[in-house]
Structures are given as C-alpha cells and as structure tokens.
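Below: the structure, in structure tokens.
What follows is calculated from the coordinates using simple rules that are stated; it is not laboratory data. Treat the numbers as computed from the prediction; the structure is a model and nothing was measured. Positions of Cβ are backbone-derived with ideal geometry, glycine not excepted, and every protein chain shown enters the neighbour counts.
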Amino acid sequence: MPYTNVIWISYIFNYTIKKYEGVLPPADFLKETRELREKLDPDRRCFNGGFTCASEILDYCVKQGWIDEEDLIDSDTSGVLDAD
C-alpha cells in the first residue's frame, strides 16, 4: 500500500479536527490521539517512527481498541492485521 494513503489519512484526520475549530475537541481526545497525530505527521516520515502504510494505521487503531476486529469482518483486510 502506498505511502500516499498515509498522507491522505493524515490530511483527513487533521482536517476533521480543524473543521470543528469553534468546538474544541475534549482534552482526553487530544491526549488519547497524541501518539497517532505524531505518527501521522508527514514531516516525521516512516524512518522517524511514523507510519509507512495505511495498514499500519489500521493495525495501530485496532491495538488501541478504537476499532474492533469484528468491525473488519465484512471488509477485505486479509493480511492487514498482525498476528500478535
């Protein structure tokens, strides 16, 4: 999966946060997503601990408990999630 998918996911995530500028995201949301936002930063890149592809983002979100593996049953995610 190309790195451009990571850039698009980063753009959409940050756009969504900024779109609600008058309504501040709850502090716990910002705290909980801090590492995700850092890893999505295009300046960080994969060689500095950022994501290299969209499947890594999906795997990260599943490990954080934000997405349940059952949510992925109907989608084509074969080979996306790590075995651990």
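Here are the numbers for the structure shown:
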{"quantity": "Three-way shape label, segment 3-72, alpha-carbon gyration tensor, a/c 1.5", "calculated": "oblate"}
{"quantity": "Reachable lysines from Lys19, criterion Cα separation under 20 angstrom, eight or more residues apart if same chain", "calculated": "Lys31"}
{"quantity": "Sorted by Cβ neighbour density within 10 Å, fewest at the top, the residues Lys39, Lys31", "calculated": "Lys31, Lys39"}
{"quantity": "Karplus-derived 3J(HN,Hα), 6.51/-1.76/1.60, for each residue of segment 26-37, Hz, glycine and proline x", "calculated": "x, 4, 5, 5, 5, 5, 5, 9, 4, 4, 4, 4"}
{"quantity": "Cβ-based exposure ranking for Asp59, Asp71, Asp28, in which fewest neighbours within 10 Å come first", "calculated": "Asp28, Asp71, Asp59"}
{"quantity": "Least to most buried among Phe29, Phe51 (fewest other Cβ within 10 Å first)", "calculated": "Phe29, Phe51"}
